[in-house]
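Chemist: Dropping the structure in here first, questions after.
The values are calculated or read from the model by the stated rules, or taken from the named source; none is laboratory data. These numbers come from a predicted model, not from an experiment. Glycine also receives a Cβ, built like all others from the backbone with ideal geometry; neighbour counts cover every protein chain displayed.
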Amino acid sequence: MKNLKIIALFAFASFILTSCGSSGPSAKDDAKKLSSYNTYAYIPNKDTILSRDYDNDAIQKTIISTIDANMKEKGYQLDKVQPDVLVYVHTMFDDKVAVNANPVYTNYSYYRPGFYIGPYYKNNIYENYFTIQRINGPRVNQVPFKERTIVIDFIDRKTNEILWRGTTNENIEKKRIDREIRDYIDEIFKSFP
């Protein structure tokens with residue numbers, strides 16, 4: 001009987017001690033990790049703008065150059081071979097296409113042969129982008145589709161987890177779209193960790 005009490009007391013103490021431990025990584029941990037990284041590269045998006053109201057290549061080029069400028073300002077350098085962070089951009093300009101910028105636990109289609117990669121990625125793409133087939137991010141908020149918006153995911157290359165997702169609640173205006181896109185992305189980077 002005495003041994004049973006000791007075992008029960010030991011089991012109770014073990015339960016208390018294990019329940020006091022960390023519950024695992026948090027979004028704050030991800031942001032801290034992101035701020036400790038130095039290099040980045042892009043994985044190509046499949047969010048080609050279909051609407052004839054927009055010039056897909058011009059918009060994508062503006063997005064990439066603006067993200068590059070912001071990443072440089074934050075102290076990041078482009079590394080196409082072994083980047084710390086992968087950048088994935090969702091361009092949501094088509095009102096006829098139901099797009100949900102939620103790649104959490106989603107397979108990307110860019111590893112299949114024949115996937116078109118726009119010229120705007122030519123100098124910035126992660127060389128082994130086709131090996132990244134599944135991205136996950138259990139602590140990343142889902143973003144509902146809004147026309148003329150951009151969502152930027154920052155992904156840990158080693159774990160394939162989304163560390164941070166950037167967007168704003170504004171829509172990009174059609175007038176002076178180049179300037180609007182630049183302002184929009186600059187606004188996203190204001191809250192970048």
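Chemist: Taking the stated definitions as given, is residue 150 at pLDDT below 80 and under 16 Å from the mean Cα position of the chain (by Cα)?
Modeler: No, not satisfied.
Chemist: For segment 71-122, how many residues are in a loop (DSSP other than H, G, I, E, B) and modelled with pLDDT under 85?
Modeler: Within segment 71-122, residues that are in a loop (DSSP other than H, G, I, E, B) and modelled with pLDDT under 85 number 24.
Chemist: Being buried (at least 18 other Cβ atoms within 10 Å of the Cβ) and assigned to a loop (DSSP other than H, G, I, E, B) is the filter; apply it to segment 125-138 and report the residue that is modelled with the highest pLDDT.
Modeler: 126
Chemist: Residue check, residue 170 against (1) more than 15 Å from the chain's Cα centre (by Cα); (2) modelled with pLDDT of 85 or more; (3) surrounded by fewer than 19 Cβ atoms within 10 Å (Cβ to Cβ), all met but one. Which one?
Modeler: (2)
Chemist: Another question, if that's okay. Please list, ordered by first then second residue, the pairs with beta carbon atoms under 7 Å, 6 or more apart or interchain, first in segment 36-56 and farther than 16 Å from residue 162 by Cβ and touching a residue at least 60 places away in the same chain (Cβ under 8 Å), second in a loop (DSSP other than H, G, I, E, B) and among the small types (Gly, Ala, Ser).
Modeler: Sorted first by the residue in segment 36-56, then by its partner, the pairs are 46/109.
Chemist: Can you tell which of 57, 68, 47 is at pLDDT 50 or above, acidic (Asp, Glu) and assigned to a loop (DSSP other than H, G, I, E, B)?
Modeler: 47 is the lone residue from the list that is at pLDDT 50 or above, acidic (Asp, Glu) and assigned to a loop (DSSP other than H, G, I, E, B).
Chemist: Scan segment 146-185 for residues that are within 28 Å of residue 84 (Cα to Cα), in contact with a helix residue (DSSP H, G or I) (Cβ under 7 Å, 6 or more places away or on another chain) and assigned to a helix (DSSP H, G or I) and jot them down.
Modeler: 181, 182, 185
Chemist: Here is a further query. Restricting to segment 176-191, what's the tally of residues that are farther than 14 Å from residue 93 by Cα and out of contact with any strand residue (DSSP E or B) (no Cβ under 6 Å at 6 or more places or on another chain)?
Modeler: 10
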